[in-house]
Amino acid sequence: MDAGYRLLPFLFRRLGDRELLVNEAGDFLIEPAGTVEQIATHRLEVGSELYKDLAANCFVADNPSPMFLDNYACRIGSRKAFLNDSTTLHIFVLTLRCNQNCTYCQASSRDANASSVFDMKKEELFQAIRLMFQSPAAGVTMEFQGGEPSLVPELLKAAVEYAELLNAEFEKRITYVLCTNCVALTDELLAFCREYDILISTSLDGPEFLHNSNRGKADSYANVLEGIRRARVCLGNDRVSALMTTSELSLQYPEEIVDSYLENGFSGIFIRALNPYGLAVEYANRKSYYERFLVFYQRMLDYILRLNSEGMFFVEEFTALLLRKMLSPFPTGFVDLQSPAGIVNSVIVYNYDGYVYASDESRMLGAIGDNTFRLGHVSESRAKIWAGPHVRRIARLWATEFIAGCADCAYQGYCGADPVRNYSTQGDMYGVRPMSFFCGKHKAVIDHLFSLLIHREQEVMPIFRSWLSGRRS
Amino acid sequence: MNCDHLFSPTSNDNTLFVTAQCNNRCIMCCQPPDRRDDIEMRYRRNLSLLENAPKELRELGINGGEPTLLGDRLFQLLEAVHELLPSTGIHLLSNGRAFSDFSYAKKLHSVASENLLLGIPLHSDYSGDHDEVTRIPGSFDETMRGLYHLGEFGIRVELRVLITRYNYRRLRKISDFLYRHLPFVDFVAFMGMEVTGWAVRHMDQLWIDPVDFREYLEDAVLTLSGWGMDCCVYNIPHCLLSESLHPYACQSISDWKTEFSADCDSCRKRKACCGLFRTSRKQSRALAPFLA
């Protein structure tokens with residue numbers, strides 16, 4: 001029975017008449033149905049081309065030597081290298097006040113003229129910055145969010161100047177990101193951004209009628225574009241990026257949304273589905289939304305692939321992140337899709353009220369009175385926040401490697417665990433995968449990408465490679 | 001390679017031949033190994049060659065045999081090169097197996113400078129095929145482990161894929177393997193074969209006319225390059241390559257080994273072409289000049 005080879009751990013999934021095999025390092029092979037059984041029952045012919053493919057890709061081994069296993073361990077280790085840095089993304093919610101009125105707002109924002117109790121207190125901001133510097137990461141990103149952080153420019157300046165002051169001692173690489181709707185960017189604020197090399201991350205939902213409808217303001221599109229234009233002039237084109245959120249209305253306009261990004265000088269788009277938080281929870285019938293989102297995603301990706309085939313370089317960033325996990329040997333810094341989860345391990349949120357949350361989504365639960373993911377207060381020690389009772393409880397469930405429905409999924413290495421999403425949508429952190437929209441959406445998207453690799457390889461691979469390497473082919 | 005010719009700044013091949021011994025037994029070896037202990041004798045001779053070498057030497061090769069069989073003597077030799085020829089690039093050819101010993105790799109790191117480039121061959125993505133070529137079971141795992149250690153120390157590596165009848169059908173798979181397993185090497189060289197030494201004896205097993213692997217090679221190079229890894233093609237004349245690979249083709253053949261056929265005189269690509277191995281017992285059937 002034993003045909004002289006050993007099996008190494010791998011996961012598999014049926015895709016049409018093929019089988020997808022994925023190893024521990026995320027390497028995959030697509031083979032005819034029946035291959036897995038042939039491997040597992042030792043009926044593989046040693047030395048056949050299939051055997052060579054499987055051995056070269058660490059699915060089987062003649063006789064796994066310690067040296068081979070050490071190399072394989074290096075490969076797996078480098079996939080998880082994001083853990084070496086500890087928390088790198090530090091989000092500061094400088095204020096809850098906002099000057100827009102988005103239909104899908106996730107941040108429980110308040111009116112722009114509301115009281116300053118919705119702004120972060122300077123002393124607590126400084127405490128948060130001191131906590132950030134205790135992170136062992138050699139490089140950190142300080143991301144300023146809201147509400148609309150440009151409404152409190154003095155806090156933003158104080159934060160950057162304080163970080164620069166402390167950094168004379170800590171010598172970390174600091175990346176600053178200002179998440180702003182670009183409506184209220186003053187010349188003074190832009191000059192400050194230029195002085196400290198601050199990146200602008202903004203939102204643009206598509207063509208004028210759609211963007212304005214999503215924002216609940218008739219003049220938002222014109223204001224945002226004017227803000228983007230001025231930011232580009234002051235900071236450079238590559239210093240301004242935009243995110244797009246898919247409202248229910250957006251679902252009907254995939255091509256128009258891409259066109260609006262092209263018209264406005266962007267070389268890529270980040271497709272984001274609605275989160276089931278904050279006001280967004282009030283959208284009726286989530287199931288129908290996610291089903292329609294998948295159709296929308298496929299249509300938009302198809303359109304983008306067509307543009308690339310015609311010679312344009314335009315990236316869909318969410319797809320590119322997944323492809324990086326599937327096709328490259330490198331780790332990705334995408335905190336929404338990580339195992340162990342991005343929360344705490346890679347991202348932490350300092351809220352306007354001085355409390356520390358596991359993620360952006362966690363503080364939105366906090367806003368409706370649920371403090372399950374409130375890890376502590378900025379006045380507390382790093383040990384108490386990062387390794388306190390809350391984190392210990394969450395940590396038992398935050399890796400796809402050991403939760404049911406993920407541990408045996410072929411996409412385990414490409415996907416991520418999200419205890420916060422499980423809790424907010426299913427009532428417990430563990431979650432039930434077959435009923436999870438998070439799971440359903442990612443499975444469907446990854447299935448779609450593999451089907452492109454199977455059926456349209458010649459056409460899509462040069463495009464995908466160019467997205468990952470930045471090299472035009 | 002010939003150890004007796006004197007160093008010349010105008011030559012592209014100035015080499016220290018450090019030993020004829022080797023711990024692999026590659027079936028296509030163009031410099032079949034010898035078992036005699038020649039290390040001390042050659043070490044002394046190479047030191048005196050170095051002392052008389054012109055300072056403006058652009059590149060110095062170190063090869064054998066297997067230079068790591070010198071043990072710590074190799075590091076003393078490298079230190080002597082750094083001292084006497086501080087601005088000369090060093091191209092060390094090795095099978096890399098010795099670096100599977102972490103402490104040996106670490107010692108190399110302690111004497112290595114940016115000038116050092118290791119040329120290390122890998123014959124397949126499948127260990128069995130590689131070991132069949134080297135005729136040493138386990139050599140693939142050792143070379144791979146060595147490459148990982150060199151990567152850990154940031155030592156520059158030229159990964160060499162010699163194209164033979166054994167591996168030409170898997171060239172694309174080898175590219176995929178290199179991107180996933182060895183993305184840290186500096187560049188990958190796909191190499192045409194010189195039929196000399198043991199390769200003559202094993203010609204039937206080894207020889208594949210470059211014109212017959214043209215498409216395989218094109219796919220392998222363009223794929224790997226598409227992933228952002230630097231690639232080049234050695235020892236294959238332009239007329240045997242797909243047009244798309246011409247930018248990757250290098251003048252890789254040592255000047256004293258290079259020849260051109262009579263037909264090459266009329267070829268407009270001759271200036272950029274590597275030409276042919278004068279020393280090879282087999283040439284392609286498909287050589288054809290690009291006429292103006």
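The values are calculated or read from the model by the stated rules, or taken from the named source; none is laboratory data. The shown structure was predicted, so the numbers you read here are calculated from the model rather than taken from an experiment. Ideal geometry is used to build each Cβ from the backbone, glycine not excepted, and the neighbour counts take in all protein chains shown. The protein model used for the area step is the full one, side chains on, heavy atoms only, and it has no ligands, DNA or RNA in it. Shrake-Rupley method; radii C 1.70, N 1.55, O 1.52, S 1.80 Å.
If the condition is being within 14 Å of another protein chain (Cβ to nearest Cβ), surrounded by 16 or more Cβ atoms within 10 Å (Cβ to Cβ) and either in a strand (DSSP E or B) or touching a helix residue (DSSP H, G or I) at 6+ places or on another chain (Cβ under 7 Å) (or both), then segment A:4-26 contributes A:Val22, A:Asn23, A:Glu24, A:Ala25, A:Gly26. Could you grab me the full set of residues in segment A:310-330 that are β-branched (Val, Ile, Thr) and in a helix (DSSP H, G or I)? The one that is β-branched (Val, Ile, Thr) and in a helix (DSSP H, G or I): A:Thr319.
With the structure loaded, tell me whether B:Gly65 is among the small types (Gly, Ala, Ser), in a loop (DSSP other than H, G, I, E, B) and crowded, with 16+ Cβ neighbours inside 10 Å or whether it fails that test. Answer is yes for this residue. Looking only at residues in segment B:127-145 that are at the interface with chain A (Cβ under 9 Å from one of its Cβ atoms) and in a helix (DSSP H, G or I), the one that is surrounded by the fewest Cβ atoms within 10 Å (Cβ to Cβ) is B:Gly128.
The set of residues in segment B:1-48 being of a type in the set (Val, Ile, Thr), in a loop (DSSP other than H, G, I, E, B) and either at pLDDT 90 or above or within 27 Å of B:Phe140 (Cβ to Cβ) (or both) consists of B:Val18, B:Thr19, B:Ile27. Looking at A:Ala112, A:Ala61, just one residue is out of contact with any Asp or Glu (no Cβ under 9 Å at 6 or more places or on another chain) and at pLDDT below 95, and that residue is A:Ala61.
If only residues of segment B:186-201 that are at pLDDT 95 or above and open to solvent by less than 10 Å² (accessible area, probe 1.4 Å) are counted, the one that is farthest from A:Val460 (Cα to Cα) is B:Gly192. Determine, yes or no, whether A:Gly405 is small (Gly, Ala, Ser) and modelled with pLDDT of 95 or more. Here the answer is yes, as A:Gly405 does meet what is asked.
Yes/no per residue for (1) in a helix (DSSP H, G or I); (2) more than 29 Å from A:Met364 (Cα to Cα):
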position: A:Met244; (1), (2): no, no
position: A:Leu251; (1), (2): yes, no
position: A:Glu255; (1), (2): yes, yes
position: A:Thr332; (1), (2): no, no
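Taking segment A:329-342 as the range and being surrounded by 20 or more Cβ atoms within 10 Å (Cβ to Cβ) and more than 21 Å from A:Lys443 (Cβ to Cβ) as the test, no residue passes. The numbered conditions (1) surrounded by 22 or more Cβ atoms within 10 Å (Cβ to Cβ); (2) in a helix (DSSP H, G or I) are all true for A:Leu307 except (1).
Highlighted here are the strands (runs of 3 or more DSSP E) found entirely within segment A:84-192 that include at least 2 residues which are over 15 Å from A:Asn351 (Cβ atoms) and either assigned by TED's automatic domain parsing to the domain that holds A:Leu235 or of a type in the set (Val, Ile, Thr) (or both): A:139-145, A:173-179. Residues that are touching a helix residue (DSSP H, G or I) at 6+ places or on another chain (Cβ under 9 Å), within 14 Å of chain A (Cβ to nearest Cβ) and over 23 Å from B:His91 (Cβ atoms) do not occur anywhere in segment B:262-273. With respect to the conditions (1) within 14 Å of chain B (Cβ to nearest Cβ); (2) more than 28 Å from A:Leu251 (Cα to Cα), A:Val344 falls short on a single one, namely (1). Per the conditions (1) open to solvent by 10 Å² or more (accessible area, probe 1.4 Å); (2) away from chain A (no Cβ under 14 Å), the sole criterion not satisfied by B:Leu159 is (1). Among residues belonging to segment B:217-244 that are away from chain A (no Cβ under 14 Å) and in a helix (DSSP H, G or I), point out the one that is farthest from B:Ser280 (Cα to Cα). Among those residues, the one meeting the criterion is B:Glu243. For segment A:74-93, the count of residues that are out of contact with any helix residue (DSSP H, G or I) (no Cβ under 8 Å at 6 or more places or on another chain), among the hydrophobic types (A, V, I, L, M, F, W, C), surrounded by fewer than 17 Cβ atoms within 10 Å (Cβ to Cβ) and in contact (Cβ under 8 Å) with a residue 60 or more places away in the chain is nonzero. Out of everything in segment A:27-47 that is among the acidic types (Asp, Glu) and open to solvent by 50 Å² or more (accessible area, probe 1.4 Å), what residue ends up being farthest from B:Lys173 (Cα to Cα)? The extreme case among them is A:Glu37. Just give me the residues in segment B:202-252 being open to solvent by 20 Å² or more (accessible area, probe 1.4 Å) and free of Cβ contacts under 8 Å to residues at least 24 places away in the same chain, in sequence order. Once the filter is applied, which keeps residues that are open to solvent by 20 Å² or more (accessible area, probe 1.4 Å) and free of Cβ contacts under 8 Å to residues at least 24 places away in the same chain, segment B:202-252 yields B:Asp204, B:Leu222, B:Gly228, B:Glu243, B:Pro247.
Listed by first and then second residue, the pairs linking a residue in segment A:453-464 that is away from every other protein chain (no Cβ under 12 Å) and more than 14 Å from A:Ile30 (Cα to Cα) to a residue that is part of a helix (DSSP H, G or I) and open to solvent by 20 Å² or more (accessible area, probe 1.4 Å), with Cβ atoms under 7 Å apart and 6 or more places separating them unless they lie on different chains, are A:Glu459/A:Ser309. Summed over segment A:48-68, residues that are surrounded by 14 or more Cβ atoms within 10 Å (Cβ to Cβ) and either among the aliphatic types (A, V, I, L, M) or not in a helix (DSSP H, G or I) (or both) total 13. Yes or no: segment B:171-180 includes at least one residue that is more than 9 Å from chain A (Cβ to nearest Cβ) and surrounded by fewer than 21 Cβ atoms within 10 Å (Cβ to Cβ). Yes: segment B:171-180 contains one or more residues that are more than 9 Å from chain A (Cβ to nearest Cβ) and surrounded by fewer than 21 Cβ atoms within 10 Å (Cβ to Cβ). Against the test of being modelled with pLDDT of 95 or more, in contact with a Lys or Arg (Cβ under 6 Å, 6 or more places away or on another chain) and buried (at least 20 other Cβ atoms within 10 Å of the Cβ), the options A:Val349, A:Val356 yield a single qualifying residue, A:Val349. Restricting attention to segment B:95-126 and to residues that are surrounded by fewer than 22 Cβ atoms within 10 Å (Cβ to Cβ) and polar (S, T, N, Q), the residue that is farthest from the other protein chains (Cβ to nearest Cβ) turns out to be B:Asn115. Return yes when A:Thr103 is of a type in the set (Ser, Thr, Tyr) and in contact with a strand residue (DSSP E or B) (Cβ under 8 Å, 6 or more places away or on another chain) and no when it is not. Taking the combined requirement at face value, the residue does not satisfy it. Inspect all residues belonging to segment B:254-272 and state whether any of them is in contact with a strand residue (DSSP E or B) (Cβ under 6 Å, 6 or more places away or on another chain), assigned to a helix (DSSP H, G or I) and within 23 Å of B:Arg201 (Cα to Cα). The answer is yes; a qualifying residue exists.
Counting the residues of segment A:27-80 that are under 36 Å from the mean Cα position of the chain (by Cα), within 9 Å of chain B (Cβ to nearest Cβ) and of a type in the set (Gly, Ala, Ser) gives 3.
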